[in-house]
Amino acid sequence: MEKKYTIHLIAAARPNFMKIAPLYHALHNTGWAEPVIVHTGQHYDINMSDAFFRDLVLPEPHIHLGVGSGTHAEQTGRVMIAYEKVLLRDSPDLVVVVGDVNSTVAATLAAVKLSIRTAHLEAGLRSFDRTMPEEINRLVTDSIADWLWTPSPDGDENLLREGVAREKIRRVGNIMIDSLEMMRAKIEAAGTWQEMGLSRHDYAVVTLHRPSNVDDASVLRSLVDALLELAANHPVVFPIHPRTRASLQRFDLLDRLQAADGMNCLDPLNYIRFMNLVFNCRLVVTDSGGIQEETTYLGIPCITLRDNTERPITVSQGTNRLCRVRDLSQTIDDILTAERKRQPPPELWDGKTALRLTDHIHSFMSG
Ligand code: UD1
């Protein structure tokens, strides 16, 4: 019988779960791979974690590190210490890290130092803004991982410019689109917008969680003002991230937001229900990374409340626009009056990334 390769998939925070799910399922179906889900515990609330496992038909994590919240160094350090013990015990054949969260860089550091082969899925993205914790995580992870799997040509270019050897880079496409296609039927059938009494294509979905937007009182206050202005004209659905909820409470902004007409403040939603709202909305206002990509793929206008993006292809070839808070109302007006253009999605954003990955993994494992 062919040897089964043990492959750790590191999952930590909400945006990671839709990146590991298609790869887990594809590896599980191969017969030659034993995918092992390692949950670091960076996100632990039921609606930030367990609900995603259920929606994406993932098994319970095989290994749980239980690190929880903390400062950057605390969180990164705890993952390194806990995961190193697992690596020493289990010595997997490959570690796959995804995205750019603290656990991504921590697991990579632990594995690479033990000479365990490590691959980064969603490599090469750069915002060129080193005040973003994720940019530091991306730079460190990409400079030490063995394989760099990129979603788009800008990823390859960034890595080459940083001196990464061309042989380490593989453009595999966007794995988030695999999840979206894998779950499309359930997303379309979910009926979340009807349940909430919304009219199709006549409401906005808002998500916010970046420290640069939500950790500072005056920035968050002006964001709340802009969202209230939006809600006065169009219903808004706002599933609130725990970091953002804590800031809204701390700065005494939550009550005003919740009381406003047209504003639907919710707890974070699971993947299927959230995506059902996105599929049927008029526009999205966000500071998330993944949602910039999902809206580009779906052809839905997206306003990103940031000065930069590590996903420039969503602006050049998609529906994304970067926007400062003070320009939000004008940008929304522009979008609502502009004709909607459909562009083909970026190359390799086709729902087949996990298959390209299993082919690639098999070739270098058995080679
Ligand atoms: C993290 C990632 C960010 C990603 C985001 C998605 C880093 C540096 N940041 O940011 O890149 O876009 O996840 O959500 O890794 N909390 C809970 N319950 C949870 C998780 C968090 O209440 O399940 C609260 C805690 O108070 C915690 C705070 O949210 O301190 C922030 O969580 P953390 O994981 O540190 O960062 P995020 O802001 O979620």
By residue number, the members of the stretch 239-294 that are touching a residue at least 60 places away in the same chain (Cβ under 8 Å), among the β-branched types (V, I, T) and within 11 Å of the ligand (Cβ to nearest atom) are T286, I291
Residue list for the stretch 201-224, filter: away from the ligand (no atom under 15 Å from the Cβ) and within 11 Å of L277 (Cβ to Cβ):
Y203, A204, V205
If I ask for residues that are open to solvent by 10 Å² or more (accessible area, probe 1.4 Å), aliphatic (A, V, I, L, M) and more than 16 Å from the ligand (Cβ to nearest atom), which ones from the stretch 22-46 would you list?
A26, V36
Right, T6: in a strand (DSSP E or B) and more than 26 Å from M183 (Cβ to Cβ) or not?
yes
Within the stretch 92-119, count every residue that is closer than 21 Å to E34 by Cα and touching a strand residue (DSSP E or B) at 6+ places or on another chain (Cβ under 8 Å).
16
Within the stretch 55-79, the residues that are crowded, with 20+ Cβ neighbours inside 10 Å, away from the ligand (no atom under 13 Å from the Cβ) and assigned to a helix (DSSP H, G or I) are D55
Hey, could you check the stretch 1-17 for residues that are open to solvent by less than 20 Å² (accessible area, probe 1.4 Å) and under 26 Å from R273 (Cβ atoms) and say which is farthest from the chain's Cα centre (by Cα)?
L9
Kindly list the number of the only condition in (1) without any contact (Cβ under 8 Å) to a residue 12 or more places away in the chain; (2) closer than 26 Å to M275 by Cα; (3) open to solvent by less than 50 Å² (accessible area, probe 1.4 Å) that fails for R184.
(3)
Before we move on, is R326 farther than 29 Å from N47 by Cβ, at pLDDT below 95 and in contact with a Gly (Cβ under 7 Å, 6 or more places away or on another chain)?
no
Among the residues of the stretch 234-244, is there at least one that is touching a strand residue (DSSP E or B) at 6+ places or on another chain (Cβ under 6 Å), closer than 25 Å to L336 by Cβ and modelled with pLDDT under 95?
yes
Residues (more than 15 Å from the ligand (Cβ to nearest atom) and open to solvent by 50 Å² or more (accessible area, probe 1.4 Å)) located in the stretch 110-143:
K113, L114, S115, R117, F128, S143
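The values are calculated or read from the model by the stated rules, or taken from the named source; none is laboratory data. It should be emphasised that the depicted structure is a prediction, and the values quoted were computed from it without experimental measurement. With ideal geometry, Cβ positions are generated from the backbone for all residues, glycine too; neighbour counts draw on all protein chains shown. In case anyone asks, the SASA skips ligands and DNA or RNA and just uses the protein heavy atoms, side chains included. Shrake-Rupley method; radii C 1.70, N 1.55, O 1.52, S 1.80 Å.
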